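Shown next, in structure tokens, is the structure this report addresses.
The values are calculated or read from the model by the stated rules, or taken from the named source; none is laboratory data. Note that the structure is a prediction, hence the values are computed from the model and not measured. Note that each Cβ is placed from the backbone with ideal geometry, even for glycine, and that neighbours are counted across all protein chains shown.
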């Protein structure tokens, strides 16, 4: 009986999230395999990170993830174009990406995405010692990440219409969050 109580205690939130992930994974896999021979793992990982059974949280996550992925992509591309595919540039580029993300753009949701994306772009060039390969491969990976975000948010939105979930209640004594703008 404890298992049933545990499932019902949060309005089946875990089941809802699992269903989002199952549907979005299948869609992501099928679409990417139909349009390219790319391994869909980057898009699927991004889709999972962007999915949420609570629609408002999914919106926040996708906004932060796409903005920070864009920052990381731009910084990674700039370092590849200006400096070329050199290993020593990776830590400098990642540090700069973190500073831009945290102090200039200031969208704290998914701050980690900016340096991760910059690393993907730069590592593509460093691995093959080619600016062109790095730019092409890096942009391809970033496109897969953005596609995964879009699939995650689309399925989260659809599921919020089909099976709405109330926003989680704050724990007793937890500080209240300011509303999103």
For residue 156, the lone unmet condition from (1) crowded, with 23+ Cβ neighbours inside 10 Å; (2) free of Cβ contacts under 8 Å to residues at least 12 places away in the same chain is (2)
Okay, helices (runs of 4 or more DSSP H) sitting entirely in the stretch 1-94 with 3 or more residues that are within 21 Å of the chain's Cα centre (by Cα), I get 13-35, 41-50, 55-83
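Going through 142, 132 one at a time, which residue ends up being assigned to a helix (DSSP H, G or I) and at pLDDT 90 or above? Before you say what the answer is, go through the steps one by one.
Values: 142 fails: at pLDDT 90 or above.
One residue alone meets the criteria, 132.
Would you mind stating whether residue 39 is surrounded by 18 or more Cβ atoms within 10 Å (Cβ to Cβ) and over 27 Å from residue 163 (Cα atoms)?
Numbers: surrounded by 18 or more Cβ atoms within 10 Å (Cβ to Cβ): no; over 27 Å from residue 163 (Cα atoms): yes.
Spelling it out, it is not the case that residue 39 is surrounded by 18 or more Cβ atoms within 10 Å (Cβ to Cβ) and over 27 Å from residue 163 (Cα atoms).
Condition check ((1) buried (at least 18 other Cβ atoms within 10 Å of the Cβ); (2) closer than 26 Å to residue 131 by Cβ) across all residues:
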position: 9; (1), (2): no, no
position: 15; (1), (2): no, no
position: 22; (1), (2): no, no
position: 51; (1), (2): yes, no
position: 66; (1), (2): yes, yes
position: 78; (1), (2): no, yes
position: 82; (1), (2): no, yes
position: 104; (1), (2): no, yes
